[in-house]
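What follows is a single structure, written as structure tokens, with notes after it.
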Amino acid sequence: MDTNTVICPGSFDPVTLGHIDIIKRATKMFDKVIVAVLVNMSKTPSFTIDERIAFLEEALSDVDNIEIVGFSGLLADYAKERGAKAVVKGLRAMSDFEYEFQMALTNKKLNPDLDTVFLTSDSQYMYLSSSMVKQVASLGGDISFFVPACIHAKVYERLKNNSNQKGK
Ligand code: ADP
């Protein structure tokens, strides 16, 4: 029988509880979830690709049907290469919708076999983004509500140090 494999792409700079919620829900719906971490981002990331992958691995260590990989190039091609049937994305608010709709249609054009599945954000994570986590931590705020408990101290230390260096 065919394995239902899907891809959850993102920059995960750093991973938040909002990402984890979407990824874990996807693992319950599909046989296998590939978490594809963007290597080349338009903005310079705060965390290296290895750090972003390590945080995801730690936060998702209790999940079996998952693979976490660095990824560059076209998602539509990568999905074909990996035999993935769909991209799974989280939708926070109407503000996400227009961009995500455009991406979904572009991917479908490039790879007609590839669908995009949207999961609505859990209401408690509707407002949460990686950039918000970075902003709060750089100002010395508590990010324990926003990132998985097992990586919270490491993420905070790195972000705090970053902002100290910038201030020097
Ligand atoms: P961000 O937008 O936080 O920088 P990414 O680019 O890494 O995050 O996002 C990867 C995917 O995770 C996208 O589909 C995005 O919509 C989804 N996502 C991000 N934050 C949340 C959240 N708080 N709730 C649900 N989905 C989210």
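The values are calculated or read from the model by the stated rules, or taken from the named source; none is laboratory data. Note that this is a predicted model, so its numbers are computed, not measured. Note that each Cβ is placed from the backbone with ideal geometry, even for glycine, and that neighbours are counted across all protein chains shown. SASA here: full protein model, heavy atoms, side chains in, ligands and nucleic acids out. Shrake-Rupley method; radii C 1.70, N 1.55, O 1.52, S 1.80 Å.
Things to note:
- Label-to-label distance, nm, for residues given as Ala149 and Lys24 (7 Å Cα→Cβ offset): 1.1
- Apolar share of the accessible surface for the chain: 54 percent from carbon plus sulfur atoms, 1.4 Å probe.
- Using a cut-off of 26 Å between Cα atoms, the listed pairs Lys43/Lys85; Lys80/Lys134; Lys24/Lys85; Lys28/Lys85; Lys32/Lys160; Lys85/Lys154 include Lys43/Lys85; Lys80/Lys134; Lys32/Lys160; Lys85/Lys154 as exceeding that distance.
- Most simply put, the range 1-132 has about 0% antiparallel DSSP beta bridges, counting only bridges with both residues inside it.
- Residues of the chain: accessible area per residue with a 1.4 Å probe, Å²: 56
- Cα long-axis angle, helix 49-59 against the chain (0 to 90 degrees, to the nearest 10): 80
- Of the chymotrypsin sites (Phe, Trp or Tyr not before Pro) in the range 85-144, those whose Cβ has at most 16 other Cβ within 10 Å and which sit in DSSP loop: Tyr127
- Our compactness index for the chain, the C-alpha radius of gyration over the empirical 2.2 N^0.38 Å, is 1.04.
- Within the chain, helix-based [θ] at 222 nm, where runs of 4 or more DSSP H residues each add -39,500 (n - 2.57), nearest 500: -14500 deg cm²/dmol
- Of the listed residues Val136, Val6, the order by accessible area with a 1.4 Å probe, largest first, is Val136, Val6.
- For the range 28-61, applying the loop criterion from DSSP together with a ceiling of 15 other beta carbons within 10 Å to the trypsin sites (Lys or Arg not before Pro) yields Lys43.
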